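Undergrad: Encoded as structure tokens, here's the structure I'll be asking about.
The values are calculated or read from the model by the stated rules, or taken from the named source; none is laboratory data. Given the structure is predicted, the values throughout are model-derived calculations rather than measurements. A quick note on method: Cβ atoms are made from the backbone with ideal geometry, for glycine too, and the neighbour counts reach across all protein chains shown. Only protein heavy atoms, including side chains, enter the accessible area calculation; ligands, DNA and RNA are left aside. Shrake-Rupley method; radii C 1.70, N 1.55, O 1.52, S 1.80 Å.
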Amino acid sequence: MNEASASAGVGTGSGGEVPLVYKAWKGNNVFLLKGRFIFGPDARSLFVTMFLIVAPVSIFCPLVAKELMDKFSYGLGLPVMIAAVLFTAYDLSLLLLTSGRDPGIIPRNAHPPEPEGFDDNAEVGANQTPPVRLPRVKDVVVNGITVKIKYCDTCMLYRPPRCSHCSICNNCVERFDHHCPWVGQCIGLRNYRFFYMFVFSTTLLCLYVFGFCWVFVVKIRNAEQITIWKAMTKTPASVALIIYTFIAVWFVGGLSVFHLYLMSTNQTTYENFRYRYDQRANPYNRGIMVNIKQILFTTIPPSKNNFCGRVQQEHGLRPRPTNGFMSPNMGRAVGDIEMGRKPVAWDEPRMAAEIGDLGAGLSNLLEDKDGRFRSASPDLSRDALAVGGGLEEEGSSAMNAGRSSWGVEAGR
């Protein structure tokens, strides 16, 4: 499929102009600067994350670093302040690179893939061909180990290995790790590197502020020949920052260590919690050095979506199966589990009764003075009888044809 296939089939805009991809996007993403930046639907959490980073540095620079420069050593205080500002700017740039770029979204298909076989369990007439059904899962071999890939009903594609559908962004993401609410974006193939660099640099920034706050307290103690506790009372800003960074470093530091373990074993957070590779073979593990090199030092693949471009319209109609199409979920409880929707049972008798009532109502409206049906819907009454369980041959044929047509639309 082409880069804009996720939005293929969307009608043209005003004046016949083809819409831009980011305007016709079917996911839950938020775009800025005409599609140059893509965020998750919870992008507002970025402001909270930025505040948690900028606020302590804003206190540290004037109340700790500047005091070091004025009262003790000019040569020490100024570099400390400059380094804190530059480190914070670097940390925020990594945050933007993580949250504002395509994490590895796979474009949606405009149509389901070509079916590979027939559904032998479907009930059909003697002269009817069973409807085709896509298999729910497929087996692929990765480094000599068989891995199952699943069909995504929302994106109408078979997800590549390590790909998963994010229920928050409503997109299939390559090498899906998790959806991070702190950065407001999925973490996947194209931004995992920046995510880890952001978490690790935030850990270093916390340790930096924590360490120089203690340096300031110790200098006060040595200068005034007082106890450490009395020195802490003379700089409450340092005490507050020491407590804040001590708590924060447990979160970001622990996250850094956890993801370092995941990188060394070539796992994702999703795989670690779901598959538990300590109990089965990991087909992606190629050794610690190769794993880390693959994640941190290889070229990041380009995005498969051109959000700033125009939606590419299809120039021809794709041939449809004439014998009906059934998605992998047809005939069972439907609902995309990874989309977070509750399964809805397919109640065929109830639907048949509703179709029968609809047919009866329409037949009353179309009945003429002689009590006969108009030619506008000659088989409507027979369709209703067929749904209700009639035994007439023509009614059965009409019902089977109706099911086939419905199957094609449901699979689109």
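Undergrad: Ignoring everything but the protein chains, give the 1.4 Å probe accessible area of Arg136 in square angstrom, nearest 10.
TA: Ignoring ligands and nucleic acids, Arg136 comes out at about 70 Å².
Undergrad: Then there is this: Given the whole protein assembly as supplied and a 1.4 Å probe, what does the accessible area of His165 come to in Å², nearest 10?
TA: Ignoring ligands and nucleic acids, His165 comes out at about 10 Å².
Undergrad: Here's a follow-up. Taking 0.36 nm per intervening residue step and subtracting the Cα-Cα distance, what contour gain separates Ile300 from Leu97 on full extension? Please report the intermediate quantities before stating the final value.
TA: Values: separation 203, 0.36 × 203 = 73.08 nm, distance 1.27 nm.
Result for the pair: 71.8 nm of gain on full extension.
Undergrad: Return the long-range amide H neighbours of Val147 (sequence gap of 5 or more, or a different chain), with a cut-off of under 5 Å between placed amide H atoms.
TA: Long-range HN contacts for Val147: Val140, Val141, Val142.
Undergrad: Heavy atoms only, 1.4 Å probe, whole protein assembly: order Lys23, Lys66, Lys230 by accessible area, highest first.
TA: Numbers: Lys23 145, Lys66 85, Lys230 125 Å².
Greatest to least solvent exposure: Lys23, Lys230, Lys66.
Undergrad: Over the C-alpha atoms of the range 52-108, what are the Rg and the largest Cα-to-Cα span, Dmax, in Å?
TA: Over the range 52-108's Cα set, Rg and Dmax evaluate to 16.9, 62 Å.
Undergrad: For the range 202-308, what percent of Cα pairs sit more than 16 Å apart?
TA: Tail of the P(r) past 16 Å holds 71 percent of the pairs.
Undergrad: Turning to a different aspect of this structure: If I ignore ligands, DNA and RNA and count only protein heavy atoms, how much of Phe87 is accessible to a 1.4 Å probe, in Å² to the nearest 10?
TA: Solvent-accessible area, nearest 10 Å²: 50 Å².
Undergrad: Could I ask something else about it? Can you put Phe200, Phe51 in order of accessible area, largest first, using a 1.4 Å probe? Intermediate results must be reported in sequence, preceding the final value.
TA: Details: Phe200 90, Phe51 135 Å².
From most exposed to least exposed: Phe51, Phe200.
Undergrad: Could you calculate the FRET efficiency of Glu224 with Ala281 from 1/(1 + (r/R0)^6), where r is the beta carbon distance between them and R0 is 56 Å, rounded to 0.05?
TA: Working: r = 63 Å, r/R0 = 1.13.
Here the calculated transfer efficiency is 0.35.
Undergrad: Can you compute the equivalent ellipsoid semi-axes for the range 215-257, i.e. the square root of 5 times each eigenvalue of the Cα gyration tensor, sorted largest first and rounded to whole Å?
TA: Largest first, the range 215-257 gives 27, 10, 6 Å.
Undergrad: Determine the order of Val183, Val257 by accessible area, beginning with the largest, at a probe radius of 1.4 Å.
TA: Correct descending sequence by accessible area is Val257, Val183.
Undergrad: Further, regarding this structure: Between the range 56-106 and the range 223-247, what is the separation of their alpha carbon centroids in Å?
TA: The distance from the Cα centre of the range 56-106 to that of the range 223-247 comes to 21 Å.
Undergrad: Around Phe198, with a cut-off of 15 angstrom between Cβ atoms, what is the net charge of the other residues, counting Lys and Arg +1 and Asp and Glu -1?
TA: That sum, taken over residues with Cβ under 15 Å, equals +1.
Undergrad: Just need the Rg to Rh number for the range 166-240, please, alpha carbons only, Kirkwood Rh. Could the numbers behind the result be given before it?
TA: Numbers: Rg = 20.7 Å, Rh = 15.5 Å.
Reported Rg/Rh (Cα atoms, Kirkwood Rh): 1.34.
Undergrad: Hey, which of these cross-link pairs are over 29 Å Cα-Cα: Lys34/Lys150; Lys26/Lys150; Lys26/Lys293? Spell out each step's value before the answer.
TA: Values: Lys34/Lys150 33 Å; Lys26/Lys150 21 Å; Lys26/Lys293 35 Å.
Cα-Cα > 29 Å for Lys34/Lys150; Lys26/Lys293; rest within.
Undergrad: How much length would be gained if the chain were fully extended between Trp214 and Met289, taking 0.36 nm per residue of separation minus their Cα-Cα distance, in nm to one decimal?
TA: 23.4 nm
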